[in-house]
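See structure below.
The values are calculated or read from the model by the stated rules, or taken from the named source; none is laboratory data. Since this is a predicted model, take the numbers as computed values, not measurements. As a convention, Cβ positions derive from the backbone with ideal geometry for all residues, glycine included, and neighbour counts pool all protein chains shown.
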């Protein structure tokens, strides 16, 4: 059994099933994404992001990022950090109209394909307490196995945001898995300072308080500028807490290098490393190509390949 732990329903579901069939993937974790545009008008959050933006050493040392920001219809004369984020979310909606996938929509997909998909809901901790509670109860009602959260696109720091602890309490009480984005993200979030909240190190105080399975999406490593940006922070958490896992989605090429495999093997072994494709987000990548990267890797043993491609996820998801 091959299990893909990281699939976004951003394309036709039949296409996803077709891609899974081509790759020999039996089951896939499909993710809701709760994004809230109103956070862009939150003065406290925008002030923090502006401070990070203007103090960014990355911007000084990487002129290409400026081109990415100003070269797409936003002139320097109308520039503001909030407008950069607004443009990013507008572009995201144009590229993927389904970028905001509700818990109910994921439930409908799982209901139609119960033998292929495992649903994970989403909670945005910048919503009101009532809305957060409603989303958590939806996740419970729909029988989802877990929750996907993005500190980047949802603009929160796990230590500073009190509502995040409500989600952790829920996961611990209801025995849910938390799939937590770590590393940078596309667009302006390629600037590491703007993605700092997704540095796995910020989870350590939380993991000292709560004990439930948490999967570090991308193993702290996604970054176009600095691949592997917070890999060692992720590995340190996995070594300290035996209920912390990681998926390899979007960073397969980085994580499957000989030296990186050796580090993982020496620190924690491969028992908590999960396959994920991030389909269809990664440009020019398919589920099949990601599976093949694992299958053909010369530095992994056959046993380790089987663990990554399905055995670890099967145990975690209790399939």
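Yes/no per residue for (1) closer than 18 Å to residue 228 by Cβ; (2) assigned by TED's automatic domain parsing to the domain that holds residue 243; (3) within 17 Å of the chain's Cα centre (by Cα):
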| site | (1), (2), (3) |
| --- | --- |
| 263 | yes, yes, no |
| 278 | yes, yes, yes |
| 281 | no, yes, yes |
| 290 | yes, yes, yes |
| 300 | yes, yes, no |
| 309 | no, yes, no |
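Among what's in the range 108-124 and is in contact with a helix residue (DSSP H, G or I) (Cβ under 8 Å, 6 or more places away or on another chain) and not in a strand (DSSP E or B), pick the residue that is farthest from residue 212 (Cα to Cα).
Out of the qualifying residues, it is 112.
Can you tell me which residues in the range 136-148 are surrounded by fewer than 23 Cβ atoms within 10 Å (Cβ to Cβ) and within 14 Å of residue 119 (Cα to Cα)?
The first filter runs over the range 136-148 and keeps only residues surrounded by fewer than 23 Cβ atoms within 10 Å (Cβ to Cβ), leaving 136-138, 140-143, 145.
Result: 136, 138, 140, 141, 142, 143, 145.
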> Under 9 Å by Cβ, and 6 or more places apart or on different chains, what pairs join a residue from the range 86-112 that is within 18 Å of residue 16 (Cβ to Cβ) with one that is assigned to a loop (DSSP other than H, G, I, E, B) and at pLDDT below 80?
Replying inline: 105/98
>> With the requirement that a residue be assigned to a helix (DSSP H, G or I) and out of contact with any strand residue (DSSP E or B) (no Cβ under 8 Å at 6 or more places or on another chain), what does the range 233-261 give you?
In response: 236, 239, 240, 252, 253, 258, 259, 260, 261
> Within the range 43-81, can you find the residues that are over 17 Å from residue 152 (Cα atoms) and modelled with pLDDT of 85 or more?
Replying inline: 54, 55
>> Condition first: at pLDDT below 95 and crowded, with 16+ Cβ neighbours inside 10 Å. Now tell me which residues in the range 282-319 satisfy that.
In response: 282, 285
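Every residue, every condition in (1) in contact (Cβ under 8 Å) with a residue 60 or more places away in the chain; (2) surrounded by fewer than 22 Cβ atoms within 10 Å (Cβ to Cβ), yes or no:
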| site | (1), (2) |
| --- | --- |
| 198 | no, no |
| 213 | yes, yes |
| 221 | no, no |
| 226 | no, yes |
| 236 | no, yes |
| 261 | no, yes |
| 276 | yes, no |
>> Restricting to the range 92-104, and then to whatever is exposed (fewer than 15 other Cβ atoms within 10 Å of the Cβ) and assigned to a helix (DSSP H, G or I), can you tell me which residue is modelled with the highest pLDDT?
In response: 104
